[in-house]
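Right, one structure below, let's go through it.
The values are calculated or read from the model by the stated rules, or taken from the named source; none is laboratory data. No experiment lies behind these values; they were computed from the predicted model shown. Cβ coordinates were reconstructed from backbone atoms using ideal geometry, including for glycine residues, and neighbour counts include every protein chain displayed. In case anyone asks, the SASA skips ligands and DNA or RNA and just uses the protein heavy atoms, side chains included. Shrake-Rupley method; radii C 1.70, N 1.55, O 1.52, S 1.80 Å.
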Amino acid sequence: MLRKLALASCLLVTAACSTVPITGRRQLSLVSDTEMNQMAATEYQKVLASSQVVSSGEQAAMVKRVGQRIQQAVDSYFRQQNAQAQLEGYAWEFNLINDKQENAWCMPGGKVAVYTGILPITQDENGLAVVMGHEIAHAVAKHSSERMSQQMAAQGLGGVLSASAGQNPTATQNVFLQVVGAGSQLGLLKYGRSQESEADRLGLIFMAMAGYNPDGAVQFWQRMDARDGQASPPEFLSTHPSNGTRIADIQRDLPEARKYYTAR
């Protein structure tokens with residue numbers, strides 16, 4: 001009987017898995033894309049309504065331009081893989097928010113926000129493409145859905161997001177806001193090291209396909225490293241790779257990304 005239960009559990013976990021594009025990593029998937037995208041659309045509008053959105057000017061135009069180019073690259077990649085269905089329900093939006101946070105994020109379904117506080121570090125359009133490519137990669141790789149599945153399982157919220165929201169809407173919303181990393185106060189549950197490294201690799205490829213030089217990622221993270229200085233915790237105390245490890249991993253992945261790069 002125990003063997004049968006173990007086998008049944010293994011089959012259930014296997015059935016509730018999806019595959020990350022490019023890397024091929026298998027991930028837990030207990031919630032549907034439709035549910036995640038719908039909740040993201042609702043929460044994104046709440047963020048915009050409570051924020052100072054920059055709707056005009058060169059910086060806002062640059063955010064939209066970079067976002068649209070990377071969106072086109074993502075669409076092109078999935079068409080080449082005959083996997084357009086994985087982007088079904090995406091309704092891309094790219095907004096700049098006037099806030100000193102050094103932050104950017106992308107919710108499921110392509111809902112992107114960039115904070116003005118990170119622009120001095122990105123410095124130029126190519127640097128911004130590093131950041132936006134990385135954040136969009138988190139969404140395309142369905143890292144939020146993976147983390148939502150893990151948190152729902154851990155908290156006993158069940159495997160259907162809509163049902164969980166109906167039974168315990170506050171808990172479900174809090175978990176969602178944590179897993180998407182939207183803002184410093186909401187993004188309390190950081191992406192894990194493997195997801196960060198995965199987003200770095202995918203982000204390099206997507207920005208290269210969009211016509212941005214992926215080599216700029218090294219310079220961006222070197223600037224982040226210089227800014228962080230001694231404030232960064234040791235890597236074994238952080239869920240994120242250290243800047244040094246991240247730079248080394250990016251340098252390792254650059255030859256792959258350069259194959260996709262054609263300057264515009």
Item checked: Subset of the stretch 29-57 [modelled with pLDDT under 85 and either within 22 Å of residue 81 (Cβ to Cβ) or exposed (fewer than 10 other Cβ atoms within 10 Å of the Cβ) (or both)] -> 29, 32, 33, 36
Item checked: Condition broken by residue 89, with the remaining ones in (1) open to solvent by 40 Å² or more (accessible area, probe 1.4 Å); (2) of a type outside the set (S, T, N, Q); (3) touching a strand residue (DSSP E or B) at 6+ places or on another chain (Cβ under 9 Å) satisfied -> (3)
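Is there a residue in the stretch 52-65 that is of a type in the set (S, T, N, Q) and closer than 29 Å to residue 260 by Cβ?
So far as the stretch 52-65 goes, yes, one or more of its residues are of a type in the set (S, T, N, Q) and closer than 29 Å to residue 260 by Cβ.
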Checklist line | Identity of the residue in the stretch 122-157, at pLDDT below 60 and surrounded by fewer than 17 Cβ atoms within 10 Å (Cβ to Cβ), that ends up farthest from the chain's Cα centre (by Cα) | finding: 156
Notebook entry, point to check: Since residue 94 meets every condition but one in (1) open to solvent by 10 Å² or more (accessible area, probe 1.4 Å); (2) in a helix (DSSP H, G or I); (3) modelled with pLDDT of 95 or more, which condition does it not meet?
Noted result: (2)
Next item on the list: Using the structure shown, decide if residue 79 is over 22 Å from residue 130 (Cβ atoms) and either in contact with a helix residue (DSSP H, G or I) (Cβ under 9 Å, 6 or more places away or on another chain) or not small (Gly, Ala, Ser) (or both).
Entry: yes
Note to self: Against the condition open to solvent by 20 Å² or more (accessible area, probe 1.4 Å), of a type outside the set (Val, Ile, Thr) and either assigned to a helix (DSSP H, G or I) or at pLDDT 55 or above (or both), how does residue 208 come out, does it pass?
What the structure shows: no
Margin query: So in the stretch 94-124, with the set limited to residues that are among the acidic types (Asp, Glu) and touching a helix residue (DSSP H, G or I) at 6+ places or on another chain (Cβ under 7 Å), which one is farthest from residue 138 (Cα to Cα)?
Written below: 99
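Being within 16 Å of the chain's Cα centre (by Cα), hydroxyl-bearing (Ser, Thr, Tyr) and modelled with pLDDT of 90 or more is true for just one of 77, 115. Which residue is that?
115
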Next item on the list: Kindly indicate whether residue 89 is at pLDDT 95 or above, at positive phi and of a type outside the set (Phe, Trp, Tyr).
Entry: no
